[in-house]
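I have placed the structure first, in the form of structure tokens, so that the comments after it can refer back to it.
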Amino acid sequence: SREAVRQMVAHIQSSPYASMVIGYNLFSGPSLDCNWRPALSTRAALAEFRSFLRERYKSNLDALRKAWRNQQVDFSNATPEINRDSAQPSTYMLLNAPAEQARRDDSRAFIVRAWSQPILDFAANVKEATQRNALVGARTGNLLFGYWGWEDKGGFGYPNDIGSECVNLLLESRDFDFFDQWASYFGRTIGSGDCGGPVMPVKGLQA
């Protein structure tokens, strides 16, 4: 995918309209949203999560066990917390309690990093391919409202409290320039033109 991005940018930057292109915006899927759900239960995802914990706790097993309040957990069997119903509740109702919910916070931080990585990778490649002359961003419809990342009976967990924490890694990156934030709206998916919403260019794929 990196090579495909480089070829796309090279084609555009060498085109007659190159001077009219000021940047690149990453879209994903029929709704144009970059709100994919990172895998959390595959073998590769678990290995990555455990590597993330080693990095986060500097391979200090005692620190991990103390934070998670679990003397059985270690860097070879830890799993992310992905279901709100089974999450350690907070003493403070709607407020997060870091001292009580370390596993939950570690899981959220891992989800954010996993979600951010494709965007940051795209941004870094575009910056390199344009000698850092192009703006780079990404788009979403509902991410900042927090509607993603936790599983609830096999689907998205509503509501959840990750919210704007998602964009922290993007804001810290020197490769990422803007975040294209839209509220959810009708008419953004293929085949939904009968709802009275705007017809998106992606509908042309239907033909």
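Overview of results
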| quantity | calculated |
| --- | --- |
| Top-ranked residue in segment 66-100 [being modelled with pLDDT of 85 or more and of a type in the set (S, T, N, Q); ranked as most open to solvent (accessible area, probe 1.4 Å)] | Gln72 |
| Complete set of residues in segment 42-65 that are loosely packed, with under 15 Cβ neighbours inside 10 Å and under 18 Å from Gln117 (Cα atoms) | Thr42, Ala44, Ala47, Ser51, Glu55 |
| Of all residues in segment 1-41 being in contact with a strand residue (DSSP E or B) (Cβ under 8 Å, 6 or more places away or on another chain) and not in a loop (DSSP other than H, G, I, E, B), the one that is surrounded by the fewest Cβ atoms within 10 Å (Cβ to Cβ) | Gly23 |
| Looking only at segment 111-124, and only at residues there that are open to solvent by less than 20 Å² (accessible area, probe 1.4 Å) and at pLDDT 90 or above, the one that is farthest from Glu3 (Cα to Cα) | Ile119 |
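The values are calculated or read from the model by the stated rules, or taken from the named source; none is laboratory data. All values derive from a computational prediction rather than experimental measurement. Ideal geometry is used to build each Cβ from the backbone, glycine not excepted, and the neighbour counts take in all protein chains shown. Surface areas here come from the heavy atoms of the whole protein model, side chains and all, with no ligands, DNA or RNA. Shrake-Rupley method; radii C 1.70, N 1.55, O 1.52, S 1.80 Å.
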